[in-house]
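Reading through the structure tokens given below for one structure.
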Amino acid sequence: MENFEAIDHWLAYNKAASIDELAAASARYNGLSFNNTLAADRQGETFYTDDSNVPDLSPAALEWLRTDPYTAAVFASTGQVVLPGDRSDMIFTGAIDFDNSPSLRRRDYVQNSNDSFWLSNPEQPIRDVSPLFGKVDAKQSERSRYAHELLNTQRGRDGRFDLSELEKVILGNGSYYANQRAVVGGLCQHYSGQTLVLSEQVSAQVDPICAAFAQWDGQFNLDSKAAHLAREFFRALDTSQDFVVPFDATQPTTTPHTLKSERTILEKLLSAGVNLQHYGFALDAPYGEIQYLHKGNERMAWPGPDHSSGGFNMFAPANGMDLTSFAKPAPTPLTSIVDGQPLWSELTRDGYEVNYGSSWMMVVGFDYWGPVAKGLLLHSQSANRDSAHFSDSSRRYAQQGGLITLPFYPWQIALSAISSTKLIVKKD
């Protein structure tokens with residue numbers, strides 16, 4: 001679709017002084033291509049919208065998308081819409097307007113963790129919008145479920161988040177699956193002393209791998225032992241088959257849950273262990289020896305879980321893509337010695353090389369005078385390897401130094417200025 005309003009749309013967002021003005025900007029312009037927009041004001045109101053530039057399909061086209069078997073199957077599996085090109089009633093005439101886009105205002109919270117608009121707040125699910133915006137009644141990612149859990153368990157005694165509590169959440173390296181350790185421990189105890197056959201060529205002793213997994217503290221910090229074993233194990237889980245309670249659209253933020261206490265679950269842990277051992281990784285190594293960021297010629301130990309581990313603050317190699325200017329393309333992932341398939345965790349012989357994930361972090365609150373903000377650009381600001389700012393923010397994050405206070409008022413900006421440049425444009 002043509003999109004000539006992106007600059008005006010973003011400028012209006014940046015100039016908005018209230019949620020009403022932000023919503024008005026969304027109603028006036030249709031220049032966003034894919035973004036979820038979330039905002040909060042000092043009065044305690046929150047706002048969410050997916051005001052993406054989405055085609056406004058006719059009722060006939062929507063009915064075709066829903067009922068034609070081929071079209072419905074393609075849309076369900078790929079998200080792509082394939083409509084007959086020989087029918088004029090299938091041609092869209094413009095973009096869906098703001099009033100018919102997903103949006104929500106709440107006094108408690110709104111959130112989005114890269115899932116659809118549906119559960120921006122589970123107390124008030126969003127429905128009755130075009131299916132092109134995303135799915136409803138669909139299984140949520142581990143990251144989304146963990147986000148809802150954190151919102152409900154990490155608030156202060158007053159039921160709200162202050163700035164320090166919010167910073168602790170977004171910098172946290174916990175895992176949605178950490179509470180499954182008891183199930184795994186029970187399986188380890190039941191099969192203790194045994195050697196299980198994993199394939200025609202591979203068997204594994206239960207006790208050494210289970211002993212390593214027992215050392216995992218449920219976190220993905222630099223000093224967390226066996227976190228890479230947990231990561232490989234979680235990546236192998238099938239959320240459609242491996243849990244006692246399956247996905248339930250009426251309980252979408254907590255299902256599926258509870259690992260099955262079955263031998264197949266333990267076999268997945270053992271497979272993770274033998275693969276790591278085969279490629280030379282100590283099972284109880286600290287995570288800082290396994291996951292890293294390349295900045296220039298420096299290998300920087302890097303904390304943080306991946307998406308499939310149920311991490312909120314997540315990182316990944318991302319198939320060698322460099323989506324956040326983190327690093328050079330990652331090496332080729334390894335292959336499982338159990339089934340010959342690629343390790344979809346994208347483990348390489350060097351470990352996990354981060355080049356995707358959390359990038360710009362920011363928390364904002366309000367004091368008596370106005371906004372108070374802290375933030376950090378994790379991949380650092382400068383692309384110049386000779387600059388002091390080529391890796392300073394990255395190192396601060398890697399050493400878990402916390403966010404930096406951001407200037408807002410003119411006097412704060414003046415005090416924080418390092419240098420200034422005056423540009424003069426001369427017209428002929």
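The values are calculated or read from the model by the stated rules, or taken from the named source; none is laboratory data. Remember, predicted model here, so these are calculated numbers, not experimental data. With ideal geometry, Cβ positions are generated from the backbone for all residues, glycine too; neighbour counts draw on all protein chains shown.
For the reader, a short list of remarks on this structure follows.
- Residue match in region 233-240 (condition: part of a loop (DSSP other than H, G, I, E, B) and closer than 20 Å to residue 347 by Cα): yes
- Positions within region 346-382 being farther than 30 Å from residue 17 by Cβ and not in a loop (DSSP other than H, G, I, E, B), in sequence order: 348, 351, 352, 353, 356, 357
- Applying a threshold of 9 Å to beta carbon distances and a minimum spacing of six or more residues, or different chains, the list of pairs starting in region 294-308 at a residue that is over 17 Å from residue 177 (Cα atoms) and ending at one that is surrounded by fewer than 24 Cβ atoms within 10 Å (Cβ to Cβ) and of a type in the set (Lys, Arg) reads 294/328; 295/385; 295/395; 296/385; 297/385; 298/395; 300/395.
- Odd one out for residue 189 among (1) under 30 Å from residue 217 (Cβ atoms); (2) in contact with a helix residue (DSSP H, G or I) (Cβ under 9 Å, 6 or more places away or on another chain); (3) surrounded by fewer than 16 Cβ atoms within 10 Å (Cβ to Cβ); (4) touching a residue at least 60 places away in the same chain (Cβ under 8 Å): (4)
Yes or no, residue by residue, for (1) under 30 Å from residue 142 (Cβ atoms); (2) at pLDDT 95 or above; (3) touching a Pro at 6+ places or on another chain (Cβ under 8 Å):
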{"position": "3", "(1), (2), (3)": "no, no, no"}
{"position": "23", "(1), (2), (3)": "no, yes, no"}
{"position": "46", "(1), (2), (3)": "yes, yes, no"}
{"position": "60", "(1), (2), (3)": "no, yes, no"}
{"position": "64", "(1), (2), (3)": "no, yes, yes"}
{"position": "86", "(1), (2), (3)": "no, no, no"}
{"position": "97", "(1), (2), (3)": "no, no, no"}
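- Filter result for residue 377 (of a type in the set (A, V, I, L, M) and surrounded by 15 or more Cβ atoms within 10 Å (Cβ to Cβ)): yes
- Tabulated pairs, region 242-267, first assigned to a loop (DSSP other than H, G, I, E, B), second among the acidic types (Asp, Glu), C-beta under 7 angstrom, 6+ apart or interchain: 249/137; 255/248; 260/242
- Yes/no for residue 385 being touching a residue at least 40 places away in the same chain (Cβ under 8 Å), more than 16 Å from residue 173 (Cβ to Cβ) and either in a loop (DSSP other than H, G, I, E, B) or among the small types (Gly, Ala, Ser) (or both): yes
- Subset tally (residues that are surrounded by fewer than 20 Cβ atoms within 10 Å (Cβ to Cβ) and touching a helix residue (DSSP H, G or I) at 6+ places or on another chain (Cβ under 6 Å)) for region 151-184: 3
- Scope region 26-44; condition over 27 Å from the mean Cα position of the chain (by Cα) and not in a loop (DSSP other than H, G, I, E, B); matching residues: 27, 28
- Scoring residue 404 on the criteria (1) of a type outside the set (Gly, Ala, Ser); (2) touching a strand residue (DSSP E or B) at 6+ places or on another chain (Cβ under 8 Å); (3) exposed (fewer than 10 other Cβ atoms within 10 Å of the Cβ) leaves a single failure, condition (3).
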